[in-house]
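Student: Structure in C-alpha cells, see below.
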Amino acid sequence: MPIRMAEQKPCVAPLSEEGSSLLGALGNTDIRDLAESSYRDIKEWIDLQEKRGKAKSEKDKLSQSPYTTEISKKVTDFIVPRPPNRPKPRLQKLERAFSLDEKQWRRRFKASQESLTDPNDTGSSNGSLPDAATVLYSTSHLPDDHSHDSLASEPSTSSLGSSYPVAVGSTSSRLSPNPPTSDVASDFPRNAMTSLAKPQLGEVKPVKPLPQMELNIASRALRTANRIDPDYMDYKHCSQHKVLRQSSSLSDTRLHNSMVCNQCSNESMKSTYSLLTPLRSKDVRNSYLEGSLLASGALLGADELDRYFPDRRLGVFIVTWNMQGRKELPECLDDLMLPSDDDFVQDMYVIGVQEGCPDRREWEIRLQETLGPHYVLLHSSGHGVLYLSIFIRRDLIWFCSEVEFATVTTRMVSQIKTKGALAASFTFFGTSFLFINSHFTSGDGKVSERILDYKKIIEGLQLPRNIPDTNPYRSNPMDVTSRFDEVFWFGDFNFRLNKDRPGVNTILQTKLERDMSRLLQYDQLLKSMQNGSIFKGFEEAEIQFLPTYKFDIGCDAYDTTSKQRTPSYTDRVVYKSRHKGDIRVTKYASCSLMKTSDHRPVFGLFDVRIRPGRDNIPLAAGQFDRELYLLGIKRRSSREFQKRQAVKNQKNSTVCTVS
C-alpha cells in the first residue's frame, strides 16, 4: 500500500550553542541542507509510486529500479536503527570522522548493541547501559512534534560515529567526562546522541558478598593431624548458623556449608568436625542384636569405624629406650616423640623404657607435656625399672576396652627387677593389641640365656583375662602372642654382633649410608630368628641406622672405656600379625639427638589394619589419668609463656649479643 505523506515544511530541531560545540565542525546550515534534500527525495519517490499504480505489490515495485532501491534503503534506515552508511556528499569538516574504517566501525557498533541488549543485565552493575539500549531502540520516547525532524536529521547526525563523546539521559555522568546540562540533552535528538555514544562498561560490582575462600584439604592423612584444630578459628562462628541435618546414619556426618572440602578431605575430617545426626524413629524401633558386627548404631560396629577410619588403618608409634637409670631427663622430647621429618602425628603412642629414671611419674608428665592436650594416658604400668606408657588420641578413647597388663621376671636373684617383661593388652574396635616391653640378659656370648628369657615370657604372661579372645580357635595356651591380632614386642634384647671391636670399627669407617648389611651379617638376633629359635612368626623392618649401643654419654663416640664394648643393635622392635599384611611399616629409625644415655632410642611407625567389633566387651568408659593430663598441660602452657617472656625481654634489652 503506498505511503501517503502530508506535505509539510521540513523542520529541524534547533541546536543550542552547547549542542553545536558538541558537533564540532558541523554547522547548523549543513544539517538543514541535508534534511531538506532527504525530504525532497522522499516526496519524489512517493509521487512516482502513485503514478505507477497499484498493479504490483510494494516489494515488486521497489525491486524493479535501482533508483527506487536506493530510495527505499533511506526510508528503512529511518524506521529501523542500523549502522549508517557514509553520508553523501562528503563534507570537508568531517574528514576525521570519515577516515574511520567502515568494517571496523560496523563491528564495534554490533558488539556495542549486543552488550546493550544483554538479557541478564550482566554488562553493567548500575543499570546505566540497559537504559541507553532502551533509548537506542525505541523512538516512542521522542517528542511528537519532533519525530519527523529527528528522522530527517538522523543520517547526518549519526555519521559522526564514535569520535564525539555523548552523554545520554541518566548515563551522562558515567559516559562523559563533561556531562551537558539537562537543557542541552533535551534539545539534542536522542537517537542521534545515542548513535554517537561509545558504550563504556562501568565498574563491575558483585551483587552479593563473595563466598569464603575455598579450603581445599585433600590429604587423607589429615585424619590423624591434631594441628588442624587451631586453623579453623571461625568454626564456632559458623556453627551458630542453622545447619540442616537430613541424614539418619551416624556415619554420614555433615560439615558446615562454609567449609568447602572434597570427598577425600570429607573422609579425613569426619573425626574432627562431626555433627550429631538426628535419629529416625523407625531406626530406633528396629531390633538390636548384642555383639552383631553390622548392627546399626553399634558403638564398635562397622558404621562407627568407617566414620572415624574410612580406610580402616590406625597409626601406631612405638618407642623403646634404655635410659641407663639416669635421673636427668632430656630438656625436650620433641625430637624423639615428634620427628621433624614427619608431617602428621599418629593415633597411638606406646613408649617402653628399660632402666628408667627413678621418678616414673615425672617421666610420664614429660611425655604428656610433649604430646599436648590432644592425647591422654590410656595406660601406665611399671615392673621394677621397666616402664610402659600408652597414649591415645582423646577422641578415640571411647572405642578401647579395659587395659589388662601382666609381668614376668626372668632374674629371680636381683632385688631390683631389671630383667623381665611388662605387657599390656586391650581391644580397639574389633582388633586386639598386645604390647610387650622386655629386657633380656646382657653379655656378648649369652645367646642361649636370652632365648630362655623369651620362652619364659611367652609362657608366663597370662593375657587376656576378662577380654574375650577375638579368635580363640587359633590361640595357643603356651604362647601369649598367638592370642592377639596384632603384637608388638620391643625393648633391649641385648643381642650383639659376633665381631670384634677392630673389625666393627673398620666397617663403620666406610661409607655405609643406609646399607647396613655388612654389619647385620654378624647380628645374633637375625640368625636366631632365621633358625626359628626365637620370635617365631615375628618380623622386623629393614635396619638402615647405625648401632644404638654403646655410646659415651653426651657424644656420638662409641665406648672409649677400657672395656671397649662392641657396637651392637641391642634395641629392637619386632611385630607379628594374626592376619598377614595387617601391619605395614612406615618408618624404622633411631634418634641420634637423645644423648643422655649410652643407648640411642629406637622408634617405629606402623600402619595397622583394624576391624569392626562387637559390643560385648568391657569398655574403658573413657577413663584416663586426668591428674597427669592437667599437670602436663599446665607445664606446657607455662613453658610457652616463659618462651614468650624471654623473647619479649630480649627485644627490650639494650645489650647486643652475638651468638
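The values are calculated or read from the model by the stated rules, or taken from the named source; none is laboratory data. Computed from a predicted model, the values in this text were never measured in an experiment. Here the Cβ positions follow ideal geometry from the backbone for every residue, glycine too, while neighbour counts run over all protein chains shown. Keep in mind that these areas ignore ligands, DNA and RNA; they rest on the heavy atoms of the full protein, side chains included. Shrake-Rupley method; radii C 1.70, N 1.55, O 1.52, S 1.80 Å.
Student: Looking at (1) open to solvent by 10 Å² or more (accessible area, probe 1.4 Å); (2) farther than 30 Å from Pro373 by Cβ, which one does Arg393 not meet, given that it meets all the others?
Tutor: Every condition holds for Arg393 apart from (2).
Student: Which residue is most open to solvent (accessible area, probe 1.4 Å), if the candidates are limited to the range 559-581 and must be modelled with pLDDT of 95 or more and basic (Lys, Arg)?
Tutor: Step by step, filter the range 559-581, then rank; the result is Lys576.
Student: A further question on this structure: Need pairs with beta-carbon distance below 8 Å; first residue without any contact (Cβ under 8 Å) to a residue 60 or more places away in the chain and within the range 499-515, second surrounded by 12 or more Cβ atoms within 10 Å (Cβ to Cβ) and aliphatic (A, V, I, L, M); sequence gap 6+ or separate chains.
Tutor: Going by the 8 Å Cβ cut-off, the qualifying pairs are Ile507/Leu519; Leu508/Leu519; Leu508/Leu546; Leu512/Leu519; Leu512/Leu546.
Student: Tell me which residues, restricted to the range 512-530, are in a helix (DSSP H, G or I) and not small (Gly, Ala, Ser).
Tutor: Keep residues of the range 512-530 that are in a helix (DSSP H, G or I), which gives 517-520, 524-530.
Arg518, Leu519, Leu520, Gln524, Leu525, Leu526, Lys527, Met529, Gln530 - these are the residues of the range 512-530 that are in a helix (DSSP H, G or I) and not small (Gly, Ala, Ser).
Student: Please count how many residues of the range 494-511 are in a loop (DSSP other than H, G, I, E, B) and of a type outside the set (Phe, Trp, Tyr).
Tutor: Restricting attention to the range 494-511, the residues satisfying the condition of being in a loop (DSSP other than H, G, I, E, B) are 494-496, 498-500, 510-511.
Checking the rest, the ones that are also of a type outside the set (Phe, Trp, Tyr) come to 494, 496, 498-500, 510-511.
Count: 7.
Student: Take the range 606-638 and flag every residue that is among the aliphatic types (A, V, I, L, M) and open to solvent by less than 10 Å² (accessible area, probe 1.4 Å).
Tutor: Applying the first criterion (among the aliphatic types (A, V, I, L, M)) to the range 606-638 yields 608, 610, 617, 619-621, 628, 630-631, 633.
Answer for the range 606-638, where residues must be among the aliphatic types (A, V, I, L, M) and open to solvent by less than 10 Å² (accessible area, probe 1.4 Å): Val608, Ile610, Leu628.
Student: With the requirement that a residue be touching a Pro at 6+ places or on another chain (Cβ under 9 Å), in a loop (DSSP other than H, G, I, E, B) and under 23 Å from Pro330 (Cα atoms), what does the range 552-566 give you?
Tutor: Scanning the range 552-566 gives a single hit, Asp559.
Student: Now a separate question. Can you report the number of residues in the range 313-331 which are of a type outside the set (A, V, I, L, M, F, W, C) and farther than 21 Å from Glu362 by Cβ?
Tutor: First pass over the range 313-331, keeping only residues of a type outside the set (A, V, I, L, M, F, W, C): 313, 315, 320, 322, 324-328, 330-331.
Next cut, farther than 21 Å from Glu362 by Cβ only: 313, 315.
Count: 2.
Student: Identify the residue in the range 582-600 that is open to solvent by less than 50 Å² (accessible area, probe 1.4 Å) and part of a loop (DSSP other than H, G, I, E, B) and, among all such residues, is farthest from Gly325 (Cα to Cα).
Tutor: Within the range 582-600, the subset open to solvent by less than 50 Å² (accessible area, probe 1.4 Å) is 582-583, 587-591, 594, 596-600.
Narrowing the set further to residues that are part of a loop (DSSP other than H, G, I, E, B) leaves 582, 591, 594, 596-600.
Details: Asp582: 36, Cys591: 18, Met594: 14, Thr596: 10, Ser597: 8, Asp598: 10, His599: 11, Arg600: 14 Å.
So, considering only residues that are open to solvent by less than 50 Å² (accessible area, probe 1.4 Å) and part of a loop (DSSP other than H, G, I, E, B), the one farthest from Gly325 (Cα to Cα) is Asp582.
Student: Follow-up question, since we're still on this one. Could you please let me know if Ser533 is open to solvent by 10 Å² or more (accessible area, probe 1.4 Å), assigned to a loop (DSSP other than H, G, I, E, B), touching a residue at least 24 places away in the same chain (Cβ under 8 Å) and farther than 20 Å from Gly356 by Cβ? Explain how you work it out, then say what you get.
Tutor: Working: open to solvent by 10 Å² or more (accessible area, probe 1.4 Å): yes; assigned to a loop (DSSP other than H, G, I, E, B): yes; touching a residue at least 24 places away in the same chain (Cβ under 8 Å): yes; farther than 20 Å from Gly356 by Cβ: yes.
The answer is yes for Ser533.
Student: Tell me which residues, restricted to the range 302-347, are open to solvent by less than 30 Å² (accessible area, probe 1.4 Å), out of contact with any Gly (no Cβ under 7 Å at 6 or more places or on another chain) and in a loop (DSSP other than H, G, I, E, B).
Tutor: Listed by number, the residues that qualify are Phe309, Pro330, Leu333, Pro339, Val345.
Student: Could you grab me the full set of residues in the range 410-457 that are open to solvent by 20 Å² or more (accessible area, probe 1.4 Å) and outside any loop (DSSP other than H, G, I, E, B)?
Tutor: Within the range 410-457, Val447, Ser448, Glu449, Ile451, Leu452, Lys455, Lys456 meet the criteria.
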